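K.L.:
Have a look at the structure that comes next, please.
The values are calculated or read from the model by the stated rules, or taken from the named source; none is laboratory data. These figures come from a predicted structure and were not determined experimentally. Here the Cβ positions follow ideal geometry from the backbone for every residue, glycine too, while neighbour counts run over all protein chains shown.
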Amino acid sequence: MACAAVAALAAGAPRRLRAQERPPTPPVQPEFRADLLVRDRPAVDVGGGLIVRAGYYARIAFLAGAGAEWRDQRAGGSAHVDVVSRFLLDPFREVRWGLYGGGGASLRWSPGARAQPYLLLVAGVEGPERGGWRPAFEAGLGGGVRVAMVLRRARPGAR
């Protein structure tokens with residue numbers, strides 16, 4: 001009798017309960033953003049990109065944007081491409097607002113000038129989910145002082 005009970009328990013052990021399973025997370029996450037870059041020639045860019053999960057605490061973002069840059073009282077086009085690695089302090093959404101920091105590289109184009117590479121340092125806070133999206137506010141250094149408003153697609157059970 002005891003052997004039958006042990007065998008029944010052992011047979012059911014490999015099965016996981018539905019409550020123990022984590023919801024699947026998509027392999028990539030879209031992001032939309034508006035950036036203000038303050039330097040000798042201020043610029044405003046809008047853009048977006050894709051975010052790839054690189055472990056529980058890390059995300060890598062591949063971003064691009066375009067906009068306007070002011071030089072000598074005139075506006076001209078500008079564009080940038082960024083690769084940023086973020087370290088999340090709360091990857092499982094245990095608090096309402098999650099802090100993150102990170103770094104990366106940026107390549108910026110300006111009218112009549114060659115593309116300029118810059119190192120990036122960023123810090124931000126990501127807010128609660130609203131309608132399947134998460135707002136975030138980000139500040140950074142890289143070719144000037146950067147400030148951004150960001151919308152990221154929400155991940156089920158994670159940031």
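K.L.:
State whether one or more residues within region 90-106 are among the acidic types (Asp, Glu), surrounded by 14 or more Cβ atoms within 10 Å (Cβ to Cβ) and under 13 Å from Gln29 (Cβ atoms). Steps first, answer last, please.
P.N.:
Start the filter on region 90-106 by keeping residues that are among the acidic types (Asp, Glu), which leaves 90, 94.
Filter once more, keeping what is surrounded by 14 or more Cβ atoms within 10 Å (Cβ to Cβ): 90.
Retained after the next criterion (residues that are under 13 Å from Gln29 (Cβ atoms)): none.
Checked region 90-106: no residue is among the acidic types (Asp, Glu), surrounded by 14 or more Cβ atoms within 10 Å (Cβ to Cβ) and under 13 Å from Gln29 (Cβ atoms).
K.L.:
Picking from Ala113, Ala136, which residue would you name as being without any contact (Cβ under 8 Å) to a residue 40 or more places away in the chain, among the small types (Gly, Ala, Ser) and not in a strand (DSSP E or B)? Don't jump to the end; show me each part of the working.
P.N.:
Working: Ala136 fails: not in a strand (DSSP E or B).
Going through Ala113, Ala136 in turn, the sole match is Ala113.
K.L.:
On the basis of being in contact (Cβ under 8 Å) with a residue 60 or more places away in the chain, closer than 21 Å to Pro27 by Cα and under 14 Å from the mean Cα position of the chain (by Cα), does Leu151 make the cut? Before you say what the answer is, go through the steps one by one.
P.N.:
Values: in contact (Cβ under 8 Å) with a residue 60 or more places away in the chain: yes; closer than 21 Å to Pro27 by Cα: yes; under 14 Å from the mean Cα position of the chain (by Cα): yes.
So Leu151 passes the test.
K.L.:
In addition: Restricting to region 22-46, and then to whatever is out of contact with any strand residue (DSSP E or B) (no Cβ under 8 Å at 6 or more places or on another chain) and modelled with pLDDT of 60 or more, can you tell me which residue is surrounded by the fewest Cβ atoms within 10 Å (Cβ to Cβ)?
P.N.:
For region 22-46, the residue satisfying everything is Asp40.
K.L.:
Let me ask something else. Out of Ser78, Ser85, Ser106, which single residue is hydroxyl-bearing (Ser, Thr, Tyr), assigned to a strand (DSSP E or B), touching a strand residue (DSSP E or B) at 6+ places or on another chain (Cβ under 7 Å) and within 16 Å of Val150 (Cα to Cα)? Reasoning before the result, please.
P.N.:
Numbers: Ser78 fails: within 16 Å of Val150 (Cα to Cα); Ser106 fails: within 16 Å of Val150 (Cα to Cα).
Answer to the check: Ser85.
K.L.:
Could you list, ordered by first residue, the pairs with Cβ atoms under 6 Å in which the first is in region 52-73 and closer than 14 Å to Phe92 by Cα and part of a strand (DSSP E or B) and the second is among the aliphatic types (A, V, I, L, M) and at pLDDT 95 or above, at least 6 apart or interchain?
P.N.:
Once the first residue is closer than 14 Å to Phe92 by Cα and part of a strand (DSSP E or B) and sits in region 52-73, its partners that are among the aliphatic types (A, V, I, L, M) and at pLDDT 95 or above give Arg59/Ile51.
K.L.:
Consider Gly142 carefully, then state whether it is under 18 Å from Pro30 (Cβ atoms) and either loosely packed, with under 15 Cβ neighbours inside 10 Å or in contact (Cβ under 8 Å) with a residue 12 or more places away in the chain (or both). Spell out how you get there, then give the answer.
P.N.:
Working: under 18 Å from Pro30 (Cβ atoms): no; either loosely packed, with under 15 Cβ neighbours inside 10 Å or in contact (Cβ under 8 Å) with a residue 12 or more places away in the chain (or both): yes.
Answer is no for this residue.
K.L.:
Quick one: count up the residues across region 69-97 that are over 12 Å from the mean Cα position of the chain (by Cα) and over 18 Å from Ala34 (Cβ atoms). Working first, answer last.
P.N.:
Going residue by residue through region 69-97, those that are over 12 Å from the mean Cα position of the chain (by Cα) are 69-81, 89-90, 92-97.
After this cut, where a residue has to be over 18 Å from Ala34 (Cβ atoms) as well, the list is 71-74, 76, 89-90, 92-97.
Summing the residues that are over 12 Å from the mean Cα position of the chain (by Cα) and over 18 Å from Ala34 (Cβ atoms) in region 69-97 gives 13.
K.L.:
What number of residues in region 69-88 are over 23 Å from Ala123 (Cα atoms) and either of a type outside the set (A, V, I, L, M) or surrounded by 15 or more Cβ atoms within 10 Å (Cβ to Cβ) (or both)? Show your work before the answer.
P.N.:
Initially, region 69-88 is screened for residues over 23 Å from Ala123 (Cα atoms), giving 69-78.
If we keep only those that are either of a type outside the set (A, V, I, L, M) or surrounded by 15 or more Cβ atoms within 10 Å (Cβ to Cβ) (or both) too, we end up with 69-74, 76-78.
Here the count works out to 9.
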